C-alpha cells in the first residue's frame with residue numbers, strides 16, 4: 001500500500017481529533033481512510049495466519065457502518081490492501097454470541113477487530129412490530145406484551161374498587177381499568193393544564209390531583225373490572241366473556257406500556273409535552289431509552305472504541321430510525337465519511353457534525369449546539385423570508401402569527417466557515433496535486449416520439465387535485481417526467497404510449513458504439529420502466545447485462561457489482577459484464593467502477609446531486625481512461641429545466657465548505673414554476689419521430705448490437721471511433737442535437 005501525499009496529509013490531520021467529517025470528493029479513497037484512521041486511533045497488531053502473509057488488526061473493536069450492497073467491496077479492499085478480516089454483524093443474536101459482559105462496567109464488549117453492519121440492520125432489522133391494540137387478536141396481543149392469562153386471573157379475582165376511589169378516577173379523567181402508566185400520564189397532563197390556567201384556586205386543584213395520583217398509583221394495576229369482587233372466578237367464565245375481559249385488559253395495559261416507546265428520557269428529570277424542562281447539565285445521568293424490542297444499536301451502543309460511518313448523509317434526518325440508531329452509538333473515536341455533507345441545505349450537516357464531535361447532548365467548544373438546537377442552527381445560518389400575504393389572510397380571518405420559512409441562501413458565511421473548518425476535512429479532485437483522468441460530458445437532445453408528444457401534451461392540460469381539492473402539481477410533474485423517460489409505463493395516469501422511444505433508441509446506439517471500443521458502460525435512470533425496456537432489447541440482441549435497482553436485494557446488487565468491477569474481458573475471458581442498467585437512487589453512492597469509462601444518463605432525478613454522485617462512480621483516483629458521460633435529454637420536456645439546475649447544489653456546497661463566495665445566491669424553484677417552464681418548453685410543432693420508424697430500424701440495430709458484443713469478447717484489436725456522430729444513422733443524424741463533446745475516447 002502506498003498513500004498519496006494528500007492522503008498522508010489529510011489522515012495526519014484526522015489523527016489529531018477524536019472525531020471528524022471526511023468530505024473527500026468521490027473516488028479519492030475514503031475506504032482507505034476508514035482503515036488507516038482506525039489503525040491510527042485504535043492502534044494495530046500484526047497477527048500470524050495459518051497460511052499467507054501476516055494480517056493487520058486493530059487493538060480495539062472497530063465498527064464500520066456501510067450500506068449493505070457495499071459490504072463486499074469494502075471487505076475485499078481491506079483484504080487486498082491491508083490483509084485484514086472483517087466480521088459481519090448481521091443480527092442481534094450474532095452480536096450477543098460474539099460479545100461478553102465486562103464485570104467492571106456491566107457493558108457488553110467485543111474482541112479487537114473490524115466489524116461491519118448496515119444501516120437497516122443497525123436500526124430496523126430483527127425488531128418485531130409493536131402489535132396494534134385495536135386490531136390484534138387478544139391472545140396474540142397478550143403474548144406480544146409478555147403477559148399471560150394468569151396476570152388477568154390474579155387481577156380479576158381480586159378486583160375490588162372502593163366507592164371512594166370513583167372521585168379520584170373522575171379527577172384524573174381516566175377509566176377505572178387504567179394501568180399505572182396511564183395514571184401517571186393523566187396526572188402529568190392534569191398538572192400541566194392546571195399550571196396553564198389563570199385561576200386563583202390552583203393550589204387546591206393541584207392538591208386534589210396529587211391525592212388522586214397517590215391513591216391510584218398505589219393500587220398497582222389492581223382491579224380491572226368496574227364492580228366488586230365477582231361471584232365466580234376468571235377461569236369459570238365462558239370463553240366469550242374471558243376473551244372480552246382479556247381484550248379490555250390488553251387495551252388499557254397497552255396504553256401504559258407503549259406511552260414512551262422510542263423516547264430517551266433522563267431519569268429524575270421532568271418533561272413537558274415530550275420536551276425536557278430546563279437545560280441539560282454534565283451532572284445528569286445517562287438517558288434511558290424505552291424500547292419494545294432492542295435494535296442492534298441498542299445492544300452495541302457502548303461496545304466499540306471507534307465507529308466509521310460511510311455514506312453518512314443517511315443520518316441527517318431528525319426522526320428517522322436509521323439516523324437515530326447511528327446517533328445512539330457512543331464510541332470514543334468517530335469518523336464520518338461522505339462526499340456531500342450538505343446535500344441540499346446547510347442544516348443537513350447538523351447531525352453529522354453533532355455526532356462526529358462527540359454526540360454530546362449539550363453544547364461544547366467544538367460544537368456549541370445541543371441536540372435540541374437544530375432549529376437555532378438553521379435560523380442562524382439560513383436566510384429566512386416572511387410570507388406577508390399569508391400573514392394578512394390569517395389576520396383577516398381572526399388569526400395571528402408570523403409565517404416564515406428558511407431559504408437555500410446562507411448568511412453568516414464567515415462564522416459558518418470558522419465553525420465547520422475544525423470538523424470538516426474537505427478535499428476536491430482539482431486540489432489533490434495528482435494527475436487524474438478527465439471527464440468528457442456529452443449532452444444529446446433527442447426529439448419525442450409522435451405518440452409520446454401527444455401523451456405529453458395531454459398531461460400538460462391535465463389538472464389533478466389532491467384529497468383537499470387543491471392542485472396536485474407534484475403528481476402532474478411526476479407524470480411528465482415519466483412520459484419523457486418511458487411513456488409505456490403503467491404508472492402514467494392518463495394512459496400510455498409506445499415504450500420504445502427515440503431517447504431509448506439513442507441509448508442503445510451509444511451502447512453499440514461502446515461495445516465496439518471494447519469498453520464497459522453504466523446506464524443510470526431514476527425510473528424502473530426505461531431500464532426494463534432496455535433490458536428486453538438487450539436480451540433480444542443477446543448482450544449480457546444486469547439490472548441493479550431497488551427491486552434487487554443489497555447483497556445481490558453487491559455481488560453483481562463486484563463482477564462488473566472486474567472490467568472488460570482479458571484474453572479469451574467471456575465471463576465479464578459489459579453493461580449495467582442501474583437505478584440512480586441505489587447505485588449512485590459508494591460503488592467504485594474504475595475500469596468502466598462510459599456512462600449514460602436517461603433522466604434526471606429530483607435530487608440533482610445524485611447525477612454528480614453517479615458520474616463519480618467511474619471517475620476515480622485509480623481510473624485508467626477518461627470518463628465519457630452521455631446525458632440524453634428529451635427535447636421540449638421538463639428535462640430541459642432540470643438540466644439547467646444541475647450545478648445549484650454543487651455551488652451551495654462550495655460556498656460553505658470550500659470557502660468560495662459565489663457571484664449570486666442560487667434561486668429556489670418551486671414546483672408550480674417548474675410546471676410553467678415545462679409548458680413553455682413544449683412545442684407541438686417540434687419535429688417528432690414516428691415510433692413505427694424506430695421499430696423498422698430495430699432489427700438492424702439489434703444485429704449491430706449482437707456483432708458489437710462479439711467484438712467485445714473477441715481478442716481482436718479495438719475498433720476506435722474518433723467521433724461518435726459519424727456512426728449515427730437514419731433519423732438520428734437528422735434530429736439529434738449534440739450540445740457538448742469533449743473528444744471521445
Query - Förster radius 30 Å - calculated FRET efficiency between residue 59 and residue 80, Cβ distance, rounded to 0.05 - result: 0.85
**Report entry** Per-peptide average of other Cβ atoms within 10 Å, ordering 593-606, 104-117 highest first
**Finding:** 593-606, 104-117
Report task. In whole angstrom, note down how far apart the Cα centers of segment 447-463 and segment 599-643 are. Result -> 25 Å
**Report entry** Sequence ranges 118-130, 193-205, ranked by mean other-Cβ count within 10 angstrom, highest first
**Finding:** 118-130, 193-205
Query raised in the report: By counting other Cβ atoms within 10 Å of each Cβ, how are 463, 559 ranked from fewest to most?
Result: 463, 559
Query raised in the report: Taking other Cβ within 10 Å of each residue's Cβ, how do 140, 248 sort, fewest first?
Result: 140, 248
Requested in this report: Just need the Rg to Rh number for segment 512-642, please, alpha carbons only, Kirkwood Rh.
Outcome: 0.94
Report summary line: Most exposed to least, judged by fewest other Cβ atoms within 10 Å, 311, 536 sort to 536, 311
Query raised in the report: FRET efficiency for residue 143 and residue 298, Cβ-Cβ distance as r, R0 = 25 Å, nearest 0.05?
Result: 0.70
Query raised in the report: Between residue 263 and residue 241, how many nm apart are label points set 7 Å from Cα along the C-beta direction?
Result: 3.9 nm
Query raised in the report: In whole angstrom, how far apart do the alpha carbon centroids of segment 339-386 and segment 257-299 sit?
Result: 21 Å
Report task. Work out, step by step, the length gained on full extension between residue 494 and residue 153: first 0.36 nm times the residue separation, then minus their alpha carbon distance; give nm to one decimal. Result -> 116.8 nm
Report summary line: In whole angstrom, the spacing between the Cα centers of segment 470-545 and segment 93-107 equals 51 Å
Requested in this report: For residue 281 paired with residue 210, estimate the spin-label separation in nm (one decimal), with each label point 7 Å from Cα along the Cα-to-Cβ line.
Outcome: 2.3 nm
Report summary line: So, with points 7 Å from each Cα along the Cβ direction, the residue 551-residue 201 label distance in nm works out to 6.8 nm
Query raised in the report: Taking 0.36 nm per residue of separation and subtracting the Cα-Cα distance, what length does fully extending residue 332 through residue 87 add?
Result: 86.2 nm
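None of the figures in this text is laboratory data; all of them are computed from the coordinates on show. Model, not experiment: these values are computed from the prediction. Here Cβ is always computed from backbone atoms with ideal geometry, including for glycine, and neighbour counts include all displayed protein chains.
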